[in-house]
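*Asks:* Have a look at this one before I ask anything.
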Amino acid sequence: MSSGPGADSAPAPTTHDSPPTPKRSSMFSSLKVRNYRLFFAGQVVSNIGTWTQRIAQDWLVLSLTGSATAVGVTTALQFLPMLLFGLYGGVLVDRLPRRPTLLFTQSSMALTGIALAVLTLSGHVQVWHVYLAAFAVGLATVVDNPARQSFVSEMVGPDQLQNAVSLNSANFQSARLVGPAVAGLMITGVGTGWAFLANGLSFIAPLAGLLLMRGRELHVVERAPRAKGQLREGLQYVAGRPDLIWTIVLVGFVSTFGFNFPVYLSAFADDVFHAGAGSYSLFNILMAVGSLAGALLAARRGTARMRVLVAGAVAFGVMEIVASIAPSLWLFALLMAPIGMCGMTVNVTANSSVQMSTDPAMRGRVMALYMMVFMGGAPIGAPIAGWITDAYGVRAGLAAGGVVSAAAALTIGLVLARVGNLRLSIGWNRGHPHVRFVPREREQLAAAA
């Protein structure tokens, strides 16, 4: 994301805290910005359409093939382009103006949904058509994701960035609650083809929002000129920033090993609790509610600190371990909300801290690397989670994901503390535990006094 020259200069690298926003935000403060309101409203409609197509797509593949493996292939094809070409997408985003780029990518995804609708409604759809559509959406996402992430700061500026990123996550989680319900109604009522058409038409909302924005109110920075070595330059930039590289590494571990819920939740519903599709839906709804709450709390918090990220990742891992040994369906279901909340805390804090501490000229490349690690973990982590689940049971699979997430967070927290010459300080403030990293020199001075 970008902002006006001089208004969002890159802060000095730190190892323990991402640069805080200048002041605490109210929960919906970024919606006061007209351009962001247009963007947010368009994303509400488009995200619901995206979730509708995602459910309809899986259902169509299953009905065409009768194979769960084919459904997995569809998901992998949608995420594979980000894993293969994500960094090149970031280079393009740093060279191109964000708003025209988003108009192109959003239009491409709209046409893909409409094409799939035409094939399905005409009765000519085959599974390879769905594979091709999933891969095409994945290719558009390679550019769309970093462009969309980077465009937020162009709309709101640095002061409201944390709040806007949090509201984007809340927007997505709200759609996650509504979209599958809409998909279920459309699939049973009128068929999957109409669900695809609804998604294609839903892109009218974000496209209209982009066209109605006032260009003079955007915080635009100078684009990177076309030159050799820009991909390597972006990687070197991240490698020289411990706060960035360790944040991205932590997100990689959590997303790859901890976020394999499509594998775990269906197995818990069927194999452990023998409760069927209704309980699987309940698990997803409660997790989405927790994620929505986590996003809104992050919007209210107004700061993105490394200690919040580490603590959130540790809590996420511990909650997964506890859920893995839950003896009853209802206890397991209730744990989905705090798991969703902690997972969203990790997502929002990492995303906003990376953006806020990155030079605007590098933001497209850095966010592409971030999204590649975050989204690209799915094709790697899902087969590993599936293998552990098949070999040792789903309880072992979920526990393993929690152990890896918590261990990665603790290890990275200790590494950052050592690099920054920090020490863990635990105390009580007004009856509540207070955990933070403090410089060793400060503790030594306090002891001497």
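*Asks:* Report the full-extension gain for the segment THR65 to ARG34: residue separation times 0.36 nm, less the Cα-Cα distance, to one decimal in nm. Mind dumping the intermediate values first?
*Replies:* Values: separation 31, 0.36 × 31 = 11.16 nm, distance 4.66 nm.
Net length gain for the segment: 6.5 nm.
*Asks:* A further question on this structure: Rounded, prolate or oblate, given the Cα gyration tensor of the stretch 288-337, with a/c below 1.5 counting as rounded? Before the final figure, lay out each step's value.
*Replies:* Working: a/c = 5.39, a/b = 1.73, b/c = 3.13.
Oblate, because a/c is 1.5 or more while a/b does not exceed b/c.
*Asks:* Next up: Classify the stretch 275-388 as rounded, prolate or oblate, taking a ≥ b ≥ c as the square roots of the eigenvalues of its Cα gyration tensor: rounded when a/c is under 1.5, otherwise prolate if a/b is larger than b/c and oblate if not.
*Replies:* Working: a/c = 2.34, a/b = 1.62, b/c = 1.44.
Prolate, because a/c is 1.5 or more and a/b exceeds b/c.
*Asks:* Please give the FRET efficiency for ARG300 paired with HIS124, using the beta carbon to beta carbon distance and R0 = 35 Å, rounded to the nearest 0.05. The partial results should precede the final answer.
*Replies:* Numbers: r = 50 Å, r/R0 = 1.42.
E between ARG300 and HIS124, to the nearest 0.05, is 0.10.
*Asks:* So, one more: Please give the peptides 78-87, 116-125 ranked by average Cβ packing (other Cβ atoms within 10 Å per residue), highest first, as a rough proxy for protection.
*Replies:* Those peptides, ordered most packed to least, come out 78-87, 116-125.
*Asks:* Now, a different point. Based on a Kirkwood Rh over C-alpha pairs, give the Stokes-Einstein translational diffusion coefficient of the stretch 338-411 at 4 °C and viscosity 1.567 mPa s in µm²/s.
*Replies:* Details: Rh = 14.2 Å.
The diffusion coefficient I find is 91 µm²/s.
*Asks:* A further question follows. Give the peptides 406-416, 384-394, 344-354 in descending order of average Cβ contacts within 10 Å, highest first. Don't skip to the end; give the middle numbers.
*Replies:* Values: 406-416: 19.0, 384-394: 16.8, 344-354: 27.4.
Output ranking for 406-416, 384-394, 344-354: 344-354, 406-416, 384-394.
*Asks:* Just need the Rg to Rh number for the stretch 122-188, please, alpha carbons only, Kirkwood Rh. Can you show the working numbers first?
*Replies:* Numbers: Rg = 16.7 Å, Rh = 14.8 Å.
Across the stretch 122-188, the Cα-based Rg/Rh ratio is 1.13.
*Asks:* Under a Cβ-Cβ cut-off of 14 Å, what is the net charge of the residues other than GLY393 that fall near it, where Lys and Arg count +1 and Asp and Glu count -1? Please report the intermediate quantities before stating the final value.
*Replies:* Numbers: positive: ARG395; negative: ASP270, ASP271, ASP390.
My count for the surroundings of GLY393 gives -2.
*Asks:* For the stretch 20-220, state what percent of all Cα-Cα pairs lands in each successive 5 Å bin, counting from 0 Å until the bin that includes the largest distance.
*Replies:* It works out to 1, 8, 15, 18, 19, 15, 11, 7, 4, 2, 0, 0, in whole percents.
*Asks:* Using mean Cβ contacts within 10 Å as the protection proxy, how do 374-380, 399-405 order, highest first? Don't skip to the answer; put the middle values down first.
*Replies:* Details: 374-380: 20.4, 399-405: 22.6.
Ranked from most to least packed, the peptides come out as 399-405, 374-380.
Bear in mind that the values in this text are calculations on the coordinates, not laboratory data. Since the structure is predicted, the reported quantities are computational estimates derived from the model, not experimental observations. Heads up, the Cβs are rebuilt from the backbone with ideal geometry, glycines too, and the neighbour counts pull from every protein chain shown.
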